[in-house]
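Note sheet for the following structure.
The values are calculated or read from the model by the stated rules, or taken from the named source; none is laboratory data. A quick note: this is a predicted structure, and the numbers were derived from the prediction, not measured. As a convention, Cβ positions derive from the backbone with ideal geometry for all residues, glycine included, and neighbour counts pool all protein chains shown.
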Amino acid sequence: MRFGAREAMVILVAMAFAVAGCSDDDDNGDADPDAGADVSVDGDVELDADEDADHGEDADHDEDTDYDEDVGEDSDADAGPDADAGPGGGDIAECEGMSGSGFDRDDFDVVEANPDNYRSLKDGLEPGQWLLLEPGEYDILRVNDLHGDDGEPIVISGPEDGDGEAVFIRRETNTIQIQNASHVVLRNLRLDGSTADVGDAIQARQTSHDITLENLEIHDYVPRIGINTSNSAPTWNWTIRNVEIKNASTGMYLGSNGGDNPFVGGLLEYNTISDTTGYNIQIKEQNDRDYEGMPQEPQVTTIRHNRFIRAGVDRARPNLLVGHFPPEGPGSEDQYLIHNNLFFENEHSSENLFQGEGHVAMYNNLFVNSESGGGLNIFQHNDVPKDIHVLRNTFVIAGMAVRIDNPDADYHQRVSGNAVFAGSPFSLSADVVESDNFSYDDMQEAESYLSNPFGELEDLDLSPDSDALNKDEIDHGVSFPGMDRDYACNVRNPSSYGAYAGSD
């Protein structure tokens, strides 16, 4: 079995973090490729209407990516929508070294703008400049051919101090478009899609890298996408942080159907995605890394401290899907680190909260699917599961909690340290190591061990209500960043089963 060198590299990398041109008035084009519509407008790439035609257990769900966190220190950033919201609306502690934008306006040359002049001022921005939008209602924003520098990005921001807001209104086209851009930050904006039904909230075109989206509120973009990089847009080193997306077709569609134009080395943290007709987030499979400037060394995509709430309102789609990395060559040793997230309910009766393949580490997460669906579904869709680690999660699941089917025997798969209350706790292939889990084949038993497992979202509490889940230290055979702390970022003392530290 192949184990050790690649994982050690990934851990070191993770710990190092703490097609067509369009003018400002161009139409957008592509519909949500997951929504079942074939659209090609003004030369835009036509997308496959049948991309996600296979629903249910074998539905096409997609992948995700992570990047080196290239930010400064001592941010005074606004917390952003729901950034502090825990599973029950309480605080999610920000783990030390794992949050904060690091963009301080005092370090930038600030250019003030209003709805009348922001377009002309935007086109002249240079590295180290901060376009500060005054409160008001704005039209579309085209981030085309803008390039900051490493350490001196270009920032476009709404008000910083809670004094009003900069609102962009959808106008029968993409609200914000990012094309051929790098080292650009968009922050403190609200995107309102309620006035039209054409255009994504944010769409990337052509190569764009080192992009930060933070402190954004995106709402009412059905039948379109919140954040979309599927339109011939190879992307890497994107940070998406403190973004709230509600009522969209797909919250985030990252990468392209068929494996081209990958989303590489991304960081998704402190986001809330809710009430989507399909996926909350999908990250597509990847074929290769044959793109100019794209990192060739192994990357980590990190998905942490997010809330995935009520996906699959109209279609059988999981809350989060991550696809495989390139099967060989650069990128083949990449990994997803998915931890400290809340997965809360899928509206489709037969759907799971998560689907994935490739290299996935899943730990310190909370999973609640209390009506009829499942938890984790890890199986061969476009490629086989490889290194899979499901560690220290808490499951309250009506159906199957953890399924790992037909993984590659040349890699390691382990399920350990979990607290599982489910109609069927595990369905695991023979080579999967299952050890030191606390499980009941009855979801209702969660009431005997957890504080409030069946409350509404604002009252949900999956922490232990006694010391019954305490457990001497569990040897998981591997360590990942943040595993020494629990879901709420508390030190794991005492040690326990599940996502929370034990009870004294």
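Under the condition of being part of a loop (DSSP other than H, G, I, E, B) and among the charged types (D, E, K, R), which residue from segment 477-494 is nearest to GLU345 (Cα to Cα)? Looking at the filtered set, the residue picked out is ASP486. Per the listing HIS348, HIS324, the residue uniquely modelled with pLDDT of 95 or more and not in a strand (DSSP E or B) is HIS324. Here GLY423 meets each of (1) surrounded by 19 or more Cβ atoms within 10 Å (Cβ to Cβ); (2) not in a loop (DSSP other than H, G, I, E, B) with one exception, condition (1).
One residue stands out among those in segment 149-165 that are surrounded by fewer than 21 Cβ atoms within 10 Å (Cβ to Cβ) and in contact with a Gly (Cβ under 9 Å, 6 or more places away or on another chain): the one that is modelled with the lowest pLDDT, which is GLY164.
For segment 437-476, a residue qualifies if it is assigned to a loop (DSSP other than H, G, I, E, B) and either aromatic (Phe, Trp, Tyr) or in contact with a Lys or Arg (Cβ under 7 Å, 6 or more places away or on another chain) (or both), and the qualifying residues are TYR449, PHE454, HIS476.
Taken together, the residues in segment 272-301 that are under 30 Å from SER372 (Cα atoms) and in contact with a His (Cβ under 8 Å, 6 or more places away or on another chain) amount to 3.
The lone criterion from (1) assigned to a loop (DSSP other than H, G, I, E, B); (2) more than 20 Å from ASP275 (Cα to Cα) left unmet by ILE388 is number (1). Note on segment 360-390: among residues that are within 17 Å of HIS412 (Cβ to Cβ) and of a type in the set (D, E, K, R), the one that is modelled with the lowest pLDDT is ASP383. For TYR440, state whether it is more than 29 Å from the chain's Cα centre (by Cα) and crowded, with 20+ Cβ neighbours inside 10 Å. So TYR440 fails the test. The single condition among (1) acidic (Asp, Glu); (2) at pLDDT below 95; (3) in a strand (DSSP E or B) that GLU434 does not meet is (2).
Once segment 193-214 is narrowed to residues that are among the polar types (S, T, N, Q) and surrounded by fewer than 21 Cβ atoms within 10 Å (Cβ to Cβ), the residue that is farthest from GLY265 (Cα to Cα) is THR195.
A single member of LEU450, LEU469 is under 20 Å from GLY375 (Cα atoms), among the aliphatic types (A, V, I, L, M) and either in contact with an Asp or Glu (Cβ under 7 Å, 6 or more places away or on another chain) or at pLDDT 95 or above (or both), and it is LEU450. Within the bounds of segment 323-339, is there any residue that is closer than 21 Å to THR239 by Cα, buried (at least 24 other Cβ atoms within 10 Å of the Cβ), charged (D, E, K, R) and touching a strand residue (DSSP E or B) at 6+ places or on another chain (Cβ under 9 Å)? Scanning segment 323-339 turns up at least one residue that is closer than 21 Å to THR239 by Cα, buried (at least 24 other Cβ atoms within 10 Å of the Cβ), charged (D, E, K, R) and touching a strand residue (DSSP E or B) at 6+ places or on another chain (Cβ under 9 Å).
For the criterion of being among the aromatic types (Phe, Trp, Tyr), touching a Pro at 6+ places or on another chain (Cβ under 8 Å) and more than 18 Å from ARG241 (Cβ to Cβ), TYR138 passes.
For segment 458-475, the set of residues classified as under 25 Å from the mean Cα position of the chain (by Cα) and crowded, with 18+ Cβ neighbours inside 10 Å consists of LEU460, LEU462, SER463, listed by residue number. Taking the criterion of being touching a Gly at 6+ places or on another chain (Cβ under 8 Å) and either at positive phi or at pLDDT 95 or above (or both), the residues of segment 166-179 that qualify are ALA166, VAL167, GLU172, ASN174, THR175, GLN179. Out of segment 108-125, which residues are in contact with a strand residue (DSSP E or B) (Cβ under 7 Å, 6 or more places away or on another chain) and not in a strand (DSSP E or B)? Passing the criteria: PHE108, ASN114, PRO115, TYR118, LEU121, LYS122, LEU125.
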